[in-house]
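Values in this text are rule-based calculations from the coordinates and carry no lab data. Note that this is a predicted model, so its numbers are computed, not measured. Note that each Cβ is placed from the backbone with ideal geometry, even for glycine, and that neighbours are counted across all protein chains shown.
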Amino acid sequence: MHQDLQALKQRVPLLDYLRRHNWTARPVGVRQEFVGLCPLHPETQPSFYVNAAKNVFYCHGCGRGGDLIRFVQLSLNLSFREALVYLKQQLGLPEPGEDEALRETADLYRQQLGRHTEALDYLRSRGVYDSRLIEHLSIGYAPGGMLYRHMISLGYPADLLIRLGLIHNGKDAFYRRIVFPCFDAARPVNLYGRGIDSRCPHRFLPLPKGGLFSWSTVGNHPEVILVEGLFDLAVLWQAGFINATCAFGVHLTQAQFAQLSDRPDRKVFLAFDSDLAGQQASDSLAQRLQSAGLNVGIVDLPAGQDPNTFFAAGRSGAEFDHLVRSARRL
């Protein structure tokens, strides 16, 4: 969003905007500076300076200054958000939408992750430590208390943040949670938050979760490992199993099932939790996939484990690969 604001101000230089609104000025000095009567208050001696190179203004008479957006705010008595809407209307540009809000939120959380040791410690406790993987998955952290102010300052309306579920009961919905953005191809469609303590349960936004995670790349593999959650996927990718995807649970949507069964020669390995519910879900899904013509194997993990806890306990990629190659068929 910061880049969008800069691009907006470049498309409408402050000096050009002022001249289109009948501001007259004379150049002063040699640094692209101009002076004229202040448009913001009555005066008889010019005290309103514009630096065209920096795209800013300052009035020595009323003491107000800033950039193009600030000038529009002051001159038309608008909020920051209203000033953005006004300028974009002048250019025929769309207002910020859902995709941009989700992307901006994910970017903010990604920037916060490295600043909070409790978040990094939690990731390590879950077996996720590779910095390249963390960057690749755009994993972030929501410390709380900053999202609303940040997004409002960038021009996003409060009703959009509430409608998306980013703000819940006046607070950051992902407070004290590790955050994974979920993409459908390159488009952000949801965010998943995992609390770093038991007081903050896991949470999705009240939006569709999209298809299978990273299916645009994983779907090219002839063998696919399907897991329940994003921490399962993270440790598998970290161990080199980049053919792993997840459905954000054990129950596939119709669209996810269609993705998984889009080629009859695909082998699918189900690596769900080893508890009773996970195994029942594995058996049920395996039957459906086999009926669709796929070759399906069920990965039997040690009792009480899922892929995440398997690797977090110090097990190796070779050990997991052995379980995959020994997968049970119905």
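For the chain, with a Gaussian network of springs between Cα atoms less than 10 Å apart, report the residue from Leu76, Leu233, Leu285 with the top mean-square fluctuation.
It is Leu76.
Can you put Thr253, Thr117, Thr217 in order of Cβ neighbours within 10 angstrom, beginning with the fewest? It would help to have the intermediate numbers written out before the result.
Working: Thr253 16, Thr117 8, Thr217 11.
Fewest-to-most Cβ neighbours within 10 Å comes out as Thr117, Thr217, Thr253.
Over the range 76-229, what is the relative contact order in whole percent, taking alpha-carbon pairs under 8 Å and six or more residues apart? Working shown, then result.
On the way: 198 pairs, mean separation 31.5, N = 154.
Relative contact order for the range 76-229 comes out at 20 percent.
With each label point set 7 Å from Cα along the Cα-Cβ vector, what nm distance links Glu43 and Arg149?
It is 3.1 nm.
Hydropathy first: keep DSSP H helices in the chain averaging at least -1.0 on Kyte-Doolittle, then drop any whose Cα extent along the axis falls short of 15 Å, and list what survives. Provide the component values of the computation, followed by the final result.
Numbers: long enough: 80-91 (17 Å, 0.00); 98-113 (23 Å, -1.28); 276-291 (23 Å, -0.50).
Those that pass (Cα extent of 15 Å or more, hydropathy at least -1.0) are 80-91, 276-291.
Which listed residue (Asn220, Ala52, Ser291) has the Cα farthest towards the positive end of the charge dipole for the chain, taking +1 on Lys and Arg C-beta and -1 on Asp and Glu C-beta about the Cα centre?
Ala52
Within a 10 angstrom radius of the beta carbon, how do Ile242, Ile225 rank from fewest other beta carbons to most? Could the numbers behind the result be given before it?
Values: Ile242 15, Ile225 26.
Starting with the residue having the fewest Cβ neighbours, the order is Ile242, Ile225.
Using only the alpha carbons of the range 204-275, what is the convex hull's orientation-averaged projected area in square nanometres? Could the numbers behind the result be given before it?
Working: hull surface 20.7 nm².
The orientation-averaged projected area of the Cα hull of the range 204-275 comes to 5.2 nm².
Name the residue, out of Gln32, Gln305, Gln238, whose mean-square fluctuation peaks in a Gaussian network model built on the chain with Cα pairs under 10 Å.
Gln32
What is the magnitude of the charge dipole of the range 247-330 about its Cα centre, with +1 placed on the Cβ of each Lys and Arg, -1 on the Cβ of each Asp and Glu, and no other charges, expressed in debye to the nearest 20?
Values: 8 positive and 9 negative charges, 59 e Å.
The calculation lands at about 280 debye.
Extent of the chain along each principal axis, from alpha carbon coordinates, in Å, largest to smallest?
That works out to 89, 39, 39 Å along the principal axes.
Using just the helices of the chain, give the 222 nm mean residue ellipticity in deg cm²/dmol: DSSP H runs with n ≥ 4 each add -39,500 (n - 2.57), and the total is spread over all residues, rounded to 500.
On the way: 15 runs with 134 residues, N = 330.
The per-residue figure over the chain is -11500 deg cm²/dmol.
Taking a spot 7 Å from the Cα of Glu223 along the direction of its beta carbon, which residues of the range 280-305 have an amide N less than 12 Å from it?
297
Give the Rg (one decimal place) followed by the Dmax (whole number) of the range 282-330, computed from C-alpha coordinates and expressed in Å.
According to the Cα coordinates of the range 282-330, Rg and Dmax are 12.3, 36 Å.
About its Cα centre, how strong a charge dipole does the chain have in debye, to the nearest 20, once Lys and Arg get +1 and Asp and Glu get -1 at the Cβ?
Numbers: 35 positive and 32 negative charges, 166 e Å.
Here the chain has a charge dipole of around 800 debye.
Would you order Cys38, Cys182, Cys62 from fewest to most other beta-carbon atoms within 10 Å of each residue's own beta-carbon? If you can, show how the numbers build up before the last one.
Numbers: Cys38 21, Cys182 24, Cys62 15.
Ascending number of Cβ neighbours within 10 Å: Cys62, Cys38, Cys182.
Want the number for Gln32 to Ala158: 0.36 nm per residue separation, take away the alpha-carbon distance, what's left?
Working: separation 126, 0.36 × 126 = 45.36 nm, distance 3.86 nm.
Separation in residues times 0.36 nm, less the Cα-Cα distance, equals 41.5 nm.
Among Pro188, Ala312, Ala239, which residue has its Cα positioned farthest towards the positive end of the charge dipole of the chain, with +1 placed on the Cβ of Lys and Arg, -1 on the Cβ of Asp and Glu, and the dipole taken about the Cα centre?
Farthest towards the positive pole: Pro188.
Can you work out the FRET efficiency for the pair Gln305 and Lys54, with r the C-beta to C-beta distance and R0 = 51 Å, to the nearest 0.05? Spell out each step's value before the answer.
Numbers: r = 59 Å, r/R0 = 1.15.
The pair Gln305/Lys54 has a calculated efficiency of 0.30.
Using Cα-Cα distances under 8 Å and only pairs 6 or more residues apart, what relative contact order does the chain have, in percent? Don't skip to the answer; put the middle values down first.
Numbers: 533 pairs, mean separation 33.6, N = 330.
In percent, rounded to a whole number, it is 10.
Using +1 at the Cβ of each Lys and Arg and -1 at the Cβ of each Asp and Glu in the range 109-256, identify which of Leu123, Gln256, Pro157 lies farthest towards the dipole's positive end.
Pro157
Just to be sure I understand: with springs between alpha-carbon atoms less than 10 Å apart, which residue in Leu270, Leu154, Leu78 has the highest mean-square fluctuation in the Gaussian network model of the chain?
Of the options given, Leu78 has the highest mean-square fluctuation.
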